Amino acid sequence: MMMLDVSNLTAGYGDIPALRGIDLHIGAGQFVAVLGRNGAGKSTTMRCIAGLHMPESGKITLNGTDVTRARADERLRRGLVFVPEGRHLFPHLTVHDNLMVGAYSRRLKGKALRDAIDQATAHLPRVRERLQQLAGSLSGGEQQMVAISRALMAKPTVLLLDEPSLGLAPIVVDTVYELLRQLRDEGMTLVVVEQYVDIVLSLADHAMVIDKGRTVLHDTASAVASSPQLLAAYLAAETEQQRGNQ
Ligand SMILES: Nc1ncnc2c1ncn2[C@@H]1O[C@H](COP(=O)(O)OP(=O)(O)OP(=O)(O)O)[C@@H](O)[C@H]1O
Ligand SMILES: [Mg+2]
């Protein structure tokens, strides 16, 4: 059984179609990269999976359960946790209190809460050292780490991340991906939308490419990484952008 199965998903914004047929089959413990140029429909796909945008048709199953119409909080309780684009921390709350928000679905208190914070920050000494600091006073990279730690507070079995490297310096991007690699090694299922094609393909098992609202390719990450034609056809904008950033 697939951990996360999306079939023939369509969705739009009013009359404007955004997704015209998305298919995504993710086994437990896999790391899947979601690629595609700007406006292809990557974020809309993530939002539909997380329950933040209702699809028009198609089906989403999580560990065998149909969640196509389930509320976002029910998906969260089933272990599906989404880190959206941008970090969406509460800047005027401490790091500790931002993490507490992430544990809301588990209603943790006292020692159980402290243990959960220890676990969620196990790989992140820089977050641990800053629990009493206001989230808004952290660097962009530290804020991204807090956003991921907050997601970990909900004990995900499937973690969706939309452009976790957005706006971060390359060295900080490496730190974020080192964390994702550790989570993968611990058995978490990861679905990562990314513009830094090279780094995400070096970690991913599978890659899917979305173009104009459709899944146009779903293959092993190594097959996608070794096909320059394909990258040129569907990801030209991103590879140019990456060159520009170097
Ligand atoms: N809130 C919205 N209202 C109307 N149209 C939207 C909205 N959000 C996205 N769209 C449109 O839906 C399509 C898919 O957008 P989406 O954000 O899913 O793309 P994306 O692949 O995440 O792009 P990017 O790489 O720029 O983040 C685009 O044509 C976009 O303009
Ligand atoms: Mg997007």
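A few points about this structure:
- Within region 54-106, the proportion of Cα pairs with more than 16 Å between them is 55 percent.
- Mean residue ellipticity (222 nm) of the chain, computed from DSSP H runs ≥ 4 via -39,500 (n - 2.57), nearest 500: -11500 deg cm²/dmol
- Under 5 Å from the amide H of A18 lie the amide H atoms of A11, G12, Y13, each residue being 5 or more positions distant or on a separate chain, with H modelled from the backbone and absent for Pro and chain starts.
- The share of Cα pairs per 10 Å bin across region 130-246, counted from zero up to the longest distance, runs 12, 41, 34, 11, 2 percent.
- Unit charges at the beta carbon, dipole of region 16-77: most positive-side option, M46, I16, T61: I16
- If the convex hull is drawn through the Cα atoms of the chain, its volume per residue in Å³: 122
- In whole angstrom, region 87-155 maps to an equivalent ellipsoid with semi-axes of 18, 12, 10, each derived as √(5λ) from the alpha carbon gyration tensor and ordered largest first.
- Within straight-line cross-link reach of K109, lysines at Cα separation under 20 Å, skipping those fewer than 8 residues along the same chain: K155
- Across all directions, the average flat footprint of the convex hull enclosing the Cα atoms of region 2-87 is 5.7 nm².
- The chain - share of DSSP beta bridges that are antiparallel (%, nearest 5): 55
None of the figures in this text is laboratory data; all of them are computed from the coordinates on show. The model shown is predicted, which means the values in this text are computed figures rather than measured ones. Here Cβ is always computed from backbone atoms with ideal geometry, including for glycine, and neighbour counts include all displayed protein chains.
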